[in-house]
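Okay, structure first, notes after.
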Amino acid sequence: MHPKINLLITLRELVNISRRKYAMDTLPFKSSPGLSPIVFGSQEEVEKGPSSASSSSSSKAGEGQSTKGRVSVPMVAQKDTAPKPPKFVNPPPVPQYSFEDGLRRVPPYQFSYNTYCKERWRGKGVLEVFWSEFRDRPLEYYGMNGGGAQLASMQTIIASVDSKLENGDMLVHTLHRHEPPVTAKPIETVYEDDRLIVINKPAGVPVHPAGRYNFNTVIEIMKHDYNGHAPLPCNRLDRLTSGLMFMAKTPEAANDFMGQLQTRTIKKQYLARVKGKFPAGEVTCSQPILSVSPKLGLNRVRASGKTAKTLFKRLKYNTEKNYSIVECHPFTGRTHQIRVHLQFLGHPIINDPIYCNRNVWGPALGKGGEGEDEEIIERLNKVGREEEVRYEEIIEDYEGRKAEKLTGKRCEVCDTPLFSDPGLHELGIYLHAKRYECEDGQWGYETELPEWATED
């Protein structure tokens, strides 16, 4: 079985193969399930088709240069311009949403990631890079079979896994993509005019495509609902957080609203359900917050961190279940600010899989900043995902995978291990952006209380 991956190496050394029929008739490789055909070369070559490419190639035979470990292909005369990205023959996939058991689903689909060689990859072998960047796959998936590799798919010229990456090289990873389901709750519209859409984001739905999420994101769902028009997010909520978001219809509207956020002329009110009996009255936490592990996305209270300030006020306390409903007013916008400040005060959000995790923080749950950063990072790596994370954070993936379990089954197309559906109560945390208002009182928007804030 051929690996379901394309490795496109060194744009300046590749000639255009072009057009599906030509590639299928001439290349001695059969396509593998999950592979998207790719064409590359200049736009002029793509438009002229295979005859142009082949004649161009033959006329320049012997002029090309080859590098050890690379495919020996004639050089293509190019103007002194930046290389163009490869041309995809197949159009981008279109989401096919379905709804079942309270979940929004997207069936698996073919998807290609492409990226130019990063500085940290230079001089490394192709296999080494893929193994370090996509750690959820065994080496065999990338074509390792003893002394060599079988890297082949139609419409591509592919280098050996022993090839060393250089500046200007491009990698394309085509895979059969499995997205986790998200809640089937709709993205409610709180307000809409010709410039702005104010929404109530459901918990568990990420805003931007990242990691394992692509179509099951706020941007892609709204793009689908608005007939291809993708609104522009003006504020950001964590995937697990629910509540108010502002989506601009124009760049001008987005700049206007984000300018208000940056000048701190907008008051924000959140609700949280936290562990224990939160102190009565107003409590202000002005502890600075530092990203102690950019790779993990882990943030902690540290003196060397950025200024952060949050005001808290307890609304009620449940004696029987030992939790408090707390009103939160962040005056700054640091990543995980409310979650980190609540943990520091000894009252983390009770279902926060990161900041209220005894396996990571111990019995005190990180109160007062307890715990050495190195130890916390090591524990988090152990209890978190043991697989790859390609885009944002291992944290983000751990939050999601905590709610899923392996079924023991594998995908018939790509052999990916299949996970069970998360429970509906595991899709988010008890943190909700309830109200945003302008300081001068010109506008204000708020949502209804979430269910967990009204329980007795």
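Arrange the following residues from fewest to most other Cβ atoms within 10 Å of their Cβ: THR263, THR183.
THR263, THR183
If you wrap a convex hull around the Cα atoms of segment 202-291, how much volume per residue is inside, in Å³?
Measuring per residue, one finds 151 Å³ for the Cα hull of segment 202-291.
Send over the Kirkwood Rh of segment 182-454, from the inverse of the averaged 1/r over different Cα pairs, rounded to one decimal Å.
Averaging 1/r across every pair of different Cα atoms and inverting gives 19.6 Å.
Too long at a 26 Å Cα-Cα cut-off: which of LYS267/LYS295; LYS201/LYS223; LYS124/LYS295; LYS201/LYS268; LYS249/LYS434?
LYS267/LYS295
Sort out for me the Cα centre separation of segment 171-186 from segment 326-387, rounded to whole Å.
Taking the Cα centre of each part, segment 171-186 and segment 326-387 sit 27 Å apart.
With label points built 7 Å along Cα→Cβ from the Cα atoms of ALA184 and ASN227, find their separation and express it in nm.
Here the answer is 2.7 nm between the modelled labels.
Fewest to most neighbouring Cβ within 10 Å: what's the order for ILE289, ILE325? Kindly include the intermediate steps, with their values, before the conclusion.
Values: ILE289 23, ILE325 20.
Starting with the residue having the fewest Cβ neighbours, the order is ILE325, ILE289.
Explain nothing, just the number: relative contact order of segment 182-454, from Cα pairs under 8 Å at least 6 residues apart, as a whole percent. Intermediate values should be presented prior to the final figure.
On the way: 552 pairs, mean separation 53.8, N = 273.
That works out to 20 percent.
Among GLY366, CYS356, ILE197, which residue has its Cα furthest toward the positive end of the charge dipole of segment 182-454, with +1 on Lys/Arg Cβ and -1 on Asp/Glu Cβ?
GLY366
How would you order 416-422, 233-239, 98-104 from highest to lowest mean count of nearby Cβ atoms within 10 Å?
233-239, 416-422, 98-104
I want to check the label-to-label distance for PHE331 and GLU439. Put each point 7 Å from Cα in the C-beta direction and report it in nm to one decimal.
1.1
Read-outs: derived from the displayed coordinates by stated rules, not from any lab. Worth saying up front: this structure is predicted, and the values here are computed from it rather than measured. Positions of Cβ are generated from backbone atoms using ideal geometry, with glycine treated the same way; all protein chains shown enter the neighbour counts.
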